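Values in this text are rule-based calculations from the coordinates and carry no lab data. Computed from a predicted model, the values in this text were never measured in an experiment. When we count neighbours, we look across all protein chains shown, and the Cβ atoms used for this are built from the backbone with ideal geometry, even at glycine.
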Protein chains: 2
Amino acid sequence: MNEHLTTSIQDYLKTIYTLTADGGEASTSALASRLGVAPASVTGMLQKLASIEPPLVIYRKHQGATLTRAGERAALEVLRHHRLLETYLVESLGYSWDAVHEEACRLEHVISEDFEQRIAEQLGHPERDPHGSLIPTSTLVMPPSNDVLLSSLRGGESAVVRRMRSEDAITLRRLESLGLVPGAEVTVLVNSQFDGNLTIQVASRQPVAIDPAVSDQVFVETTEGT
Amino acid sequence: MNEHLTTSIQDYLKTIYTLTADGGEASTSALASRLGVAPASVTGMLQKLASIEPPLVIYRKHQGATLTRAGERAALEVLRHHRLLETYLVESLGYSWDAVHEEACRLEHVISEDFEQRIAEQLGHPERDPHGSLIPTSTLVMPPSNDVLLSSLRGGESAVVRRMRSEDAITLRRLESLGLVPGAEVTVLVNSQFDGNLTIQVASRQPVAIDPAVSDQVFVETTEGT
DNA sequence: AAAATTATTTAGGCATTCCTAATTTTTTGC
DNA sequence: GCAAAAAATTAGGAATGCCTAAATAATTTT
């Protein structure tokens with residue numbers, strides 16, 4: 001079926017997937033900004049991805065793109081490569097978690113299935129990457145998740161940090177300096193519905209005030225059952 | 001100086017280097033055949049590589065190409081990546097020596113200097129790759145070598161197998177089945193100057209007859225001093 | 001609801017790297 | 001040394017994936 005997808009196409013699919021996954025819209029401008037290309041280039045590529053065989057996206061003018069089943073599988077394959085690579089770079093080559101993104105972005109397009117399997121095995125088939133993001137399975141299924149944005153918690157609620165939305169090194173270092181790393185326990189002391197600022201306590205640190213630039217980057221899982 | 005070289009250019013430079021290194025000519029047709037492109041494409045690329053700033057090759061019509069200093073440095077960088085990667089794939093990921101070439105050919109163009117340094121360190125800064133080829137140093141110097149073709153030995157001479165010219169899996173498996181792997185000791189019992197066939201003995205195996213298709217793939221180092 | 005703003009698409013181009021076909025140059029064999 | 005064969009080059013073109021500028025569609029403001 002899919003002969004071979006170019007690096008560029010893989011990047012488009014991956015970006016459409018991640019934009020859509022966190023409840024967003026894969027609009028022309030959102031894609032253009034994430035991919036660092038002009039909006040006109042995105043339009044052209046979406047038209048192409050919708051018209052090839054098999055179609056990889058569903059595209060209607062002025063309404064952005066959705067992945068088809070084939071497109072989603074291709075996206076999950078790239079995402080699996082990316083997240084396994086990030087994990088591998090941290091675990092086996094000693095990279096810091098804020099430095100792996102760029103390297104993984106280049107490697108993800110060129111590793112073989114054999115390479116993927118070998119690192120997955122060596123890592124013990126991890127479920128999450130260093131930023132806490134779920135790694136699609138080798139059968140290209142994205143495991144279920146019920147994490148929510150830290151900013152959605154109300155005052156008094158506690159939760160465990162699960163994953164970071166951003167892969168940006170500066171953002172990640174800021175989160176780390178606040179103790180906001182996967183696995184950390186966080187309590188929201190105050191959530192100002194008004195301006196979106198929170199007062200949080202991470203583990204047994206001093207409480208700190210954070211704004212949405214921080215709290216909208218952190219996904220947590222509340223400790224109660226379903 | 002060198003902003004960024006495309007994968008395609010890196011492949012041309014690497015191929016010119018290796019063709020030239022073993023005493024060959026980097027002719028248009030040799031390059032075309034090695035790179036899997038039409039001769040006309042090679043001519044076009046060589047003209048381009050000779051006219052960019054800084055020039056990466058010296059090119060005169062109908063005389064093939066030679067690397068400039070800048071071109072050689074770029075070639076050694078790619079070659080270092082390739083050979084370190086091959087070593088890493090074998091040592092750290094359990095690949096067999098005849099399976100690493102394709103993977104390294106794709107990875108060599110995308111790994112960072114950081115990645116290069118990390119695997120070099122983890123491997124203990126190896127001097128040779130799994131096929132016995134010398135790995136350029138981090139300062140982009142190719143270590144000296146005085147290996148010669150197995151086919152150049154005369155009857156009665158002994159030597160140690162140093163490296164294989166080919167990276168082709170089938171060829172490598174054939175050599176391995178004869179015991180011709182780096183480090184193996186080989187004695188030439190007979191070298192027929194007439195048809196180029198040899199009779200050799202590897203370690204304490206049974207003597208076997210080989211033809212130039214084999215003996216021209218194997219470089220050895222004679223055990224006497226300089 | 002019309003005007004202004006923003007988002008998106010269309011149109012036309014450019015760089016890269018490959019191709020085939022035709023031509024020219026070099027090498028080979030007699 | 002000359003004709004045939006082989007090698008290399010030129011010419012013209014295609015696919016990718018990006019760009020800018022202009023046109024159109026959608027959304028927001030007033």
Query - Relative exposure of A:ILE170, A:ILE16, judged by other C-beta atoms within 10 Å (fewest first) - result: A:ILE170, A:ILE16
Report summary line: With only helices counted (DSSP H, runs n ≥ 4, each -39500 (n - 2.57)), the per-residue ellipticity at 222 nm for chain B, to the nearest 500, works out to -12500 deg cm²/dmol
Query raised in the report: So which residue of A has the beta-carbon closest to the axis that swings A onto B, and how many whole Å away?
Result: A:VAL110, 3
Query - Relative contact order %, chain A, counting alpha carbon pairs below 8 Å whose residues are six or more apart - result: 15
Report task. Please state the charge dipole magnitude for region B:7-71, taken about the Cα centre, from unit charges on C-beta atoms (+1 on K and R, -1 on D and E), reported in debye and rounded to the nearest 20. Result -> 100
Report summary line: In nm, the gap between the two label points placed 7 Å beyond Cα toward Cβ at A:LYS48 and B:ASP195 is 5.5
Query - Cα-centre dipole for chain A with unit charges at Cβ (Lys and Arg positive, Asp and Glu negative), debye to 20 - result: 520
Requested in this report: Return the whole-Å distance between the Cα centroid of region A:15-43 and the Cα centroid of region A:103-152.
Outcome: 21
Report task. For chain B, find the longest principal axis of its Cα atoms and tell me its angle to the long axis of helix B:69-93, 0 to 90°, nearest 10. Result -> 60
Query raised in the report: Just how large is the dipole of the protein assembly as shown about the Cα centre, in debye to the nearest 20, putting +1 at every Lys and Arg Cβ and -1 at every Asp and Glu Cβ?
Result: 920
Report task. Please tell me the relative contact order of region B:7-71 in percent, rounded to the nearest whole number, where contacts are Cα pairs under 8 Å and at least six residues apart. Result -> 30
Query raised in the report: What percent does the relative contact order of region B:148-222 come to when contacts are Cα pairs within less than 8 Å and at least six residues apart?
Result: 44
Report summary line: Projected onto the charge dipole of chain B (unit charges on the beta-carbon of Lys, Arg, Asp and Glu, signs +1, +1, -1, -1), the Cα from B:VAL220, B:GLY179, B:PRO126 with the largest positive-side position is that of B:VAL220
Report task. Mind checking which lysines have their Cα closer than 25 Å to the Cα of B:LYS61? Skip sequence neighbours fewer than 8 apart in that chain. Result -> B:LYS14, B:LYS48
Requested in this report: Treat each spin label as a single point 7 Å out from the Cα along the C-beta direction, and report the A:SER145 to B:LEU149 distance in nm.
Outcome: 5.8
Report summary line: Of the candidates A:THR66, A:VAL90, A:LEU76, the farthest towards the positive dipole end of region A:50-93 (Lys/Arg Cβ +1, Asp/Glu Cβ -1, centred on the Cα centre) is A:THR66
Query - Alpha-carbon centroid distance for the pair region A:178-226 / region B:182-203, whole angstrom - result: 73
Query raised in the report: What full-extension length gain, to one decimal in nm, is calculated for B:ARG205 and B:GLU221 as 0.36 nm per residue of separation minus the Cα-Cα distance?
Result: 3.8 nm
